[in-house]
Amino acid sequence: MSSLNLDLIKEIDSLWESVYPHLTRQIHELYGRQDGNILEIGPFCGMIFTLQRMEIGRSFLIGTFPPGMGDFFRQEAKRLKFGDKIKIIETDSSLTGIKENKIDLAIFRGAFFFPSFFKVSLSAIYRVLRPNGIAFVGGGFGKYTPETVIQSIGKRSRDLNLQIGKIEVNEDQLRQMIKESNLKGEAEIISEGGLWVLMKK
């Protein structure tokens, strides 16, 4: 993946800072806890800093890819004064290097929409979840993000996403992906505020 594309991803992540508090509200509503081990996955991370700020979670890990994104999130953690509180590792969509049964809440934004540079593995996410852990996997602004915030970043976000290869995915395709993953736990599609899969172990 070219450095140009990485720069586009970094711009998306920075652009979405205004969305994170509102999306976090929806995720926290589903999670229902203040403790636990939290993992954010992939290239489109940043919500974990909001969770840390809101004191949701006990330990914090970013498992990022493609190669080169790790340094960006280390710089972000340092800029936001979370450098020593959030662990950042470079991994892949199989979550190599992340132990199984360790994560209480996993978040993966942009999961299903960029097959040109990664293929989401629901079974890998399920593997790292603890019993009773949940994962929020998919994309969208979430149901609580105000229209003013969406309008302020919507066009630029859409343009950037298309430049890095975003595709459209519908609920039927998502159901097929879930079926092919042979998950043992629960998987529910949430279409309010985007298109998400809520997984429970």
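The values are calculated or read from the model by the stated rules, or taken from the named source; none is laboratory data. Every value quoted in this text rests on a predicted model; they were computed, and no experiment measured them. With ideal geometry, Cβ positions are generated from the backbone for all residues, glycine too; neighbour counts draw on all protein chains shown.
General observations
- Residues in the range 42-91 that are over 26 Å from Q26 (Cα atoms) and in contact with a Phe, Trp or Tyr (Cβ under 7 Å, 6 or more places away or on another chain): P66, E90, T91.
- Contacts under 8 angstrom Cβ, first residue in the range 122-146 being in a loop (DSSP other than H, G, I, E, B) and of a type in the set (K, R), partner at pLDDT 95 or above and crowded, with 17+ Cβ neighbours inside 10 Å, 6 or more apart: K143/Q26
- Residues that are among the small types (G, A, S) number at least 2 in the following strands (runs of 3 or more DSSP E) confined to the range 1-105: 59-64.
- Among the residues making up the range 163-183, those that are within 17 Å of F118 (Cβ to Cβ), of a type outside the set (S, T, Y) and part of a helix (DSSP H, G or I) are Q163, Q173, L174, M177, E180.
- Restricted to the range 1-55, and to residues there that are on the phi > 0 side of the Ramachandran plot and in contact with an Asp or Glu (Cβ under 9 Å, 6 or more places away or on another chain), the residue that is modelled with the lowest pLDDT is G46.
- Within the option set G70, G36, G83, being more than 16 Å from F108 (Cβ to Cβ), in contact with a strand residue (DSSP E or B) (Cβ under 9 Å, 6 or more places away or on another chain) and without any contact (Cβ under 8 Å) to a residue 24 or more places away in the chain holds for one residue only, G70.
- Number of residues in the range 92-113 that are buried (at least 21 other Cβ atoms within 10 Å of the Cβ) and farther than 18 Å from I189 by Cα: the value is 3.
- Applying the criterion of being touching a His at 6+ places or on another chain (Cβ under 9 Å) and among the aliphatic types (A, V, I, L, M) to the residues of the range 16-56, the residue that is surrounded by the most Cβ atoms within 10 Å (Cβ to Cβ) is L51.
- Those residues of the range 114-138 which are surrounded by fewer than 20 Cβ atoms within 10 Å (Cβ to Cβ) and touching a helix residue (DSSP H, G or I) at 6+ places or on another chain (Cβ under 9 Å), in sequence order: F117, S121, S123
- Of the residues making up the range 140-179, those that are surrounded by fewer than 10 Cβ atoms within 10 Å (Cβ to Cβ) and on the phi > 0 side of the Ramachandran plot number 0.
- Here S93, S59 are screened, and the one residue that is under 18 Å from N5 (Cβ atoms) and polar (S, T, N, Q) is S93.
- Among residues of the range 171-183 that are within 16 Å of L195 (Cβ to Cβ) and free of Cβ contacts under 8 Å to residues at least 40 places away in the same chain, those with a Cβ under 9 angstrom from a residue that is surrounded by 10 or more Cβ atoms within 10 Å (Cβ to Cβ) and among the polar types (S, T, N, Q), sequence gap 6+ or separate chain, pair up as E171/S191.
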